[in-house]
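What follows draws every value from the coordinates through simple rules; no lab data is involved. Predicted model, so just to flag it, every value in this text is computed and none were measured. No Cβ is skipped: glycine too gets one built from the backbone with ideal geometry, and neighbour counts run over all protein chains shown.
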C-alpha cells in the first residue's frame, strides 16, 4: 500500500496499515497538513484545548510508536497497468497493489508581505478553528464569497468588529448569506480592495490595502484569508473529479467497499474528496474507512 498525504486522513490510514502489518509507504510534502494552520483545536474528541501544532505532535508520537516514517517527496504521476499501480515521484518509481490518496487541500494564498511571517500569529485560514481567540477584538476577512460570508457571521459572535474585504465591489455570495451579513451591524464590507501588506511585530497589528488608487492602513488584530482552498491533484489524471477538482468517491454494491475512486485499487480520504464536511475528525475517520476498504481489496487480490 502507498498512502499519499500525512494529514489526519493519511496518518490514520498509516496507523491501521501498521496494525495490520502489511508493507506500506507514506509519501507526503509535509506532516500534519491543515492541522498546522490551526491556532486552536477544541473539537477533537478526547484531546481538547490543543493548538494545531500540538495535535500534530500527538499524531507524530502515535505513528512513531508504530515505527512509521514519512518519506518526503512530491508525487508526479500515478498509473495502473493490470493489477499493478505505479506511483512516480521526482526521484523514484514505486509499484503497489493499492493507493490511498489523502493529500488534503491547501489555501489560496495572497502572496503578500507579512502573510507567511505572521501565520498563526493573527493570520489564519480557518475561522471555525480560531474564532474564539478573537473575542473582543477587531478582525478582517479577505474574500466575500460564501466561505467568507460564513466566516464573517461566525466571527461576529466573538469579535467586536468584522471587516469583510474583497477585490470585487459587491458581495458575491448567496442571497440568504448576503442578507444576514448586511443586517449584522458588526460587519462592515469594503469592496474593490486590493490587499498590499500585513504588518505587526509579534502578531498582526494592521493591514495595508488600496481602493481606487488610494492606500489605507487598517488596524486589525486578526486576518482570516477566505479566498478558497485548492486541491493539487495534477498527479492523479486518471482519477475522476468533480467540478471543484475534488476526488469523487464511489461505493461497490458487491463488496461494500467505501472510499473508492473510479480506478479499482485506488482509494481516497479527507478534504481531497467530495465529502462535504471538511474537519480534522472527519478526515481521520475517512482515513480509517479507506484503509479498511483497501485491506479488503488486497485480500481479494490474494484470493484470486
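Restricting to the range 123-225, what percent of DSSP beta bridges are antiparallel, rounded to 5?
Looking only at bridges with both residues in the range 123-225, the antiparallel portion is about 45 percent.
What whole number of Å gives the distance from the Cα centroid of the range 102-142 to the Cα centroid of the range 270-304?
The range 270-304 and the range 102-142 have Cα centres spaced 29 Å from each other.
Select from 210, 286, 226 the residue whose mean-square fluctuation is largest in a Gaussian network model of the chain (Cα-Cα springs shorter than 10 Å).
Among 210, 286, 226, the largest mean-square fluctuation in the Gaussian network model of the chain belongs to 210.
Rounded, prolate or oblate: which fits the range 202-296, taking a ≥ b ≥ c as square roots of the Cα gyration tensor eigenvalues, rounded meaning a/c under 1.5, else prolate when a/b beats b/c?
Values: a/c = 4.40, a/b = 2.55, b/c = 1.72.
Prolate, because a/c is 1.5 or more and a/b exceeds b/c.
With just the Cα atoms defining each centre, how far is the range 45-91 from the range 156-213? Give it in Å.
36
So how do 51-58, 157-164 stack up, highest first, on mean other-Cβ count within 10 Å?
Those peptides, ordered most packed to least, come out 157-164, 51-58.
Return the single residue from 94, 176, 16 with maximal mean-square fluctuation; model: Gaussian network over the chain, springs between Cα atoms under 10 Å.
176
Rounded, prolate or oblate for the range 123-225? Axes are the square roots of the Cα gyration tensor eigenvalues, ordered a ≥ b ≥ c, and the cut-off for rounded is a/c under 1.5.
oblate
Over the chain, what relative contact order in percent results from Cα pairs under 8 Å that are six or more residues apart?
Relative CO of the chain lands at 20 percent.
Calculate how steeply helix 146-155 sits against the longest principal axis of the alpha-carbon atoms of the chain, using the helix alpha-carbon long axis, and give the answer as 0 to 90 degrees to the nearest 10.
60
Which of 178, 194, 91 moves the most in a Gaussian network model of the chain with Cα springs under 10 Å?
Evaluated over the chain, the most mobile residue of the options is 91.
Reported to two decimal places, what Rg/Rh ratio describes the chain when computed on Cα atoms with Rh from the Kirkwood expression? Intermediate results must be reported in sequence, preceding the final value.
Working: Rg = 21.2 Å, Rh = 20.7 Å.
Value, to two decimals: 1.02.
Indicate, rounded to the nearest 5 percent, the antiparallel portion of the DSSP beta bridges found entirely in the chain.
Of those bridges, close to 50 percent are antiparallel.
Report the full-extension gain for the segment residue 64 to residue 303: residue separation times 0.36 nm, less the Cα-Cα distance, to one decimal in nm. Each step should come with its number before you reach the end.
Details: separation 239, 0.36 × 239 = 86.04 nm, distance 3.23 nm.
Stretched out fully, the residue 64 to residue 303 stretch lengthens by 82.8 nm.
Ignoring everything except DSSP H segments at least 4 long, calculate the 222 nm mean residue ellipticity for the chain; use -39,500 (n - 2.57) per segment, divide by total residues, nearest 500.
So the calculated ellipticity at 222 nm is -7500 deg cm²/dmol.
Please compute the contact order of the range 184-304 in relative form: average sequence separation of alpha-carbon pairs under 8 Å and at least six residues apart, divided by the residue count, as a percent.
Relative contact order here is 13 percent.
Can you tell me the 0 to 90 degree angle between the C-alpha axis of helix 280-303 and the longest principal axis of the chain, rounded to 10?
That works out to roughly 20 degrees.
Percent relative contact order of the range 123-225, based on C-alpha pairs within less than 8 angstrom and at least six residues apart? Working shown, then result.
Values: 223 pairs, mean separation 32.1, N = 103.
About 31 percent, as a whole number.
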